[in-house]
Amino acid sequence: MNWQGELNKYLASAYKNWVISKRNVFTLFELFFWPLVNLLSIGLLTRFLMVDESMVSFLLVGSIALTILQVAQMDVAYVLLFDMWSKSIKNTFIAPIHSRHLIFGSLFFGIMRGSVVFAILASISFYLFDFRFQAGGLIPPLIFLAGVFSMAAIIGITVCISILTFGQKADVAAWSLSGLILLFSGIYYPVDVLPFFLQVLARAIPLTYFLEYYRSIFIPGPHHLAVGLSLAALYLLLGLILFDRAIRRARRTGILLWLSE
């Protein structure tokens, strides 16, 4: 295998997102404005309700996780969304690339942006709300971020598959899927408060376990990190397989031409 050529395919996907993003002024809103609004609204709510320190940590972890998830998953979804909006999606697949190049290349850029957002939010949380993200050392937040980024990749893959299957109508999934994750994975409340059948659904979402793991640093309690890691790896592998199949099907049925000019 030509490792240099393989690496270039990943970097090309990341560079494509970088070029498009730096030309878009709304990227600044995704990095600074909306993350700050979300964090401050939750943080000030905890002050108003006068909750204890453990509950502040619970809510701020959820707020930070949701923000990073939304930023990173959009970067993965943008790898096809931008092409679909510009009617040039067929050009992406002229090159000899596979799903892994598109997903992990764009995810690399998403990780960089998400890491910047995390650093900003963690710093503000410390100075305004006395939330110490590194209370358990550096390993727990790194594992937590890895879980959030893997969930972002899974959502992004789902969006890309939907685009190649349903066409332009599928772009709504880019914004709606993270909302569903908000409801079911315990972002702002424990999954135990959900009805039983929704708890079963929540336990099928990897992010649920990564949230429990990171929160256990601040609020001692049980967690099942190994389950979250296993589910994330399984969904990523399955997603890449289905994405490759969606690409082949789109070529065979002509959807690539239909979504292009």
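Side notes on the structure shown:
- Taking only Cα atoms of segment 51-161, radius of gyration then Dmax in Å: 16.7, 56
- Using 0.36 nm per residue and subtracting the Cα-Cα separation, the extra length available between Ile94 and Ala12 on full extension is 28.1 nm.
- The alpha carbon convex hull volume per residue for segment 1-257 rounds to 138 Å³.
- Per-peptide average of other Cβ atoms within 10 Å, ordering 118-124, 153-159 highest first: 153-159, 118-124
- Taking 7 Å steps out from each Cα toward its Cβ at Ser230 and Tyr127 produces label points 4.4 nm apart.
- A convex hull fitted to the Cα coordinates of segment 48-103 yields 78 cubic angstrom per residue.
- Note, ³J(HN,Hα) from phi for segment 213-222, Karplus 6.51, -1.76, 1.60, rounded to Hz, x at Gly and Pro: 5, 5, 5, 5, 5, 9, 10, x, x, x
- Accessible surface ranking that places the most exposed of Leu40, Leu145 first, with a 1.4 angstrom probe: Leu40, Leu145
- Inter-label distance, Gln168 to Val116: 3.1 nm, where each label sits 7 Å from its Cα along the C-beta direction.
- In the chain, lysine pairs closer than 19 Å at Cα, eight or more apart or cross-chain: 5
- Apportionment of accessible area to carbon and sulfur, segment 83-129, percent (1.4 Å): 72 percent
- Accessible surface computed residue by residue for segment 1-257, with neighbouring protein chains in place and a 1.4 Å probe, gives 49 Å² per residue.
- Choice from Ile163, Ile139, Ile219 showing the highest fluctuation, given a GNM over the chain with Cα pairs closer than 10 Å: Ile139
- Sequence of Phe210, Phe33, Phe197, Phe58 from largest to smallest accessible area, 1.4 Å probe: Phe197, Phe33, Phe58, Phe210
- Solvent exposure, largest accessible area first (probe 1.4 Å, DNA, RNA and ligands not counted), of Leu138, Leu240: Leu138, Leu240
The values are calculated or read from the model by the stated rules, or taken from the named source; none is laboratory data. What you are looking at is a predicted structure, and each value in this text was computed from that prediction instead of being measured. Every residue, glycine among them, receives a Cβ derived from its backbone with ideal geometry; neighbour counts consider all protein chains shown. The protein model used for the area step is the full one, side chains on, heavy atoms only, and it has no ligands, DNA or RNA in it. Shrake-Rupley method; radii C 1.70, N 1.55, O 1.52, S 1.80 Å.
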